[in-house]
Amino acid sequence: MSVRLEEYTTSEISPIPVVIIGNGPSGICLSYLLSGYTPYVKEGSVHPNPLLQRKLDEFPEVPITQQDLEYLSEGLEGRSHSPAALLFDTLLRPDTDFVGDVDSVLSWSLRPERAIPHLVLGRGPIGGAWNAIEESMITLSRGDWMGLPDLSFKDWMRMKRRNLRNDRSTAGDILNYYQYYVKKKRLENNFMSGAVVTSVVKMDKDVDHSPGNEIILSSPECKGDNKLFRVSGFINNDSGNSKNFCLYAENVVLATGTYDSPSMLGVQGEDLPFVSHQISALEEAVKAKRVDQDSDPVLIIGAGLTAADAILLAHHYNIPVIHAFRRRVNDPALIFNQLPQVMYPEYHKVHQMMKEQSVFQGGPYKGYISFPEHHTICFKDDKKCIFRDQHGQHKVFRVSMALVLIGSNPNLSFLPKNGIHLTVDNQHPVSSRRNPLDIDPFSYECIQEKGLYAVGPLAGDYFVRFVQGGALAVASSLLKSQEKPP
């Protein structure tokens, strides 16, 4: 059944079984699994991992979501630290890291009686952070690793008569695929776009509630105890107006990703108008012709892939670039030192620029100069930036604009204490890489809060191919909780 949007006209609380906050790949995949789409082992299939195959043969008629995920995932190895992520990935894409395309061993059956009513809330259109990425940007992962269950990304590309680039795709194609997926699988009624969540608190079911000027997103079917989550926020409509909402949920899934809050340097002048923390600011400046080949250089701070994308964009338009970053060029932790040159030639080119066009050596790349091991001191009103090098000497540059692209952090301001109490180390803020939320690895339920789940980067899963394992774990947990004891 679909969740209804209706005016709040009664004091009776009518909770939704599941609310998912975030409409990117994690939220989409989880919605698919909660909509009655059920994974079985495909009849006659043989998984290349003989140990896993023996386990799958034990209960061939039982859906994967009803089986013991810990047992099935035991002994699996791969590029993720999550056993549930490795399990789902190897079922969907067996041996993909070694032999390329191998057919999935899963078949999918729509079982409406197994569906769990749910609502997916997203700040923007379906696709989450993919809406904010410039369409022509090439994905880091292989295109076929970006696909969701039961609809191959390669098949969609063939249908659209599109081609992969060196086995990779553009961000625009990925976004269009995710939006098509939601329509193709008839999931649209589960999604509410333009919904900004401002508060999630746990409360007694019998708490007083004053209607005021609010709407409630509600489902008439609910079974549970007296503890509920109250999810509050506002919905932006097409006319630019907004209206508050308040809904109640038995379970809440955090699928917000990690792109809401850009990381800050924390230096003086970082809030000046010419300093930005989004690559989109450079795209807009180019389109508005505020920067061009005759401008003062664009300063790009950072040594990750987003900074590299900004360098490539500026280089394409012949815009001069000053590139400053804290690490050494040959630092093993630098992402460019971990990427195969054959698969990622454009990032290899940036790495070569960083090495060959340093302030100490000079080099062949016109309009670009790199400053490794430089720390930002401050930004000035006159568009001057002051840096300190590894020898303690200061340098001053005048620029047209500055882009601080040093990563991002999740925004969990809608949770009490910004979610710090839910982390592995509750003495430090939430960080998807350094301090993710503390979850059960086979249900993805938060250790500190029953009924609250986290998937994707919040749980330490970064790549689309692996965030789907978190969705499998959550769906499995919720479906098993609905089973009646014998």
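The values are calculated or read from the model by the stated rules, or taken from the named source; none is laboratory data. Please read all numbers here as calculations on a predicted model, not as lab measurements. Virtual Cβ from ideal backbone geometry, glycine too; neighbours counted across all protein chains shown. We work out accessible area using only protein heavy atoms, side chains counted, and drop any ligands, DNA or RNA first. Shrake-Rupley method; radii C 1.70, N 1.55, O 1.52, S 1.80 Å.
Some notes on this structure:
- Residue check: Asp294 meets all listed conditions (1) surrounded by fewer than 17 Cβ atoms within 10 Å (Cβ to Cβ); (2) part of a loop (DSSP other than H, G, I, E, B); (3) in contact with a helix residue (DSSP H, G or I) (Cβ under 9 Å, 6 or more places away or on another chain) but one, namely (3).
- Ile322 being crowded, with 20+ Cβ neighbours inside 10 Å, hydrophobic (A, V, I, L, M, F, W, C) and out of contact with any Lys or Arg (no Cβ under 8 Å at 6 or more places or on another chain): yes
- Residue within the stretch 419-426 that is among the aliphatic types (A, V, I, L, M), part of a loop (DSSP other than H, G, I, E, B), touching an Asp or Glu at 6+ places or on another chain (Cβ under 8 Å) and farther than 23 Å from Pro273 by Cβ present: yes
- Only one of the numbered conditions (1) part of a strand (DSSP E or B); (2) open to solvent by 30 Å² or more (accessible area, probe 1.4 Å) is not met by Ile406, and that is (1).
- From the list Lys227, Lys160, Lys202, the lone residue that is open to solvent by 50 Å² or more (accessible area, probe 1.4 Å), more than 30 Å from Gln482 (Cβ to Cβ) and modelled with pLDDT under 90 is Lys160.
- Residue within the stretch 448-462 that is farther than 30 Å from Arg290 by Cα, modelled with pLDDT of 95 or more, in a strand (DSSP E or B) and not aliphatic (A, V, I, L, M) present: yes
- For first residues located in the stretch 163-182 and under 11 Å from Phe153 (Cβ atoms) and open to solvent by less than 10 Å² (accessible area, probe 1.4 Å), partners that are of a type in the set (Ser, Thr, Tyr) and modelled with pLDDT of 85 or more and lie 6+ apart or on another chain with Cβ distances below 6 Å do not occur.
- So Asp438, is it of a type outside the set (S, T, N, Q), surrounded by 15 or more Cβ atoms within 10 Å (Cβ to Cβ) and under 20 Å from Val252 (Cβ atoms): yes
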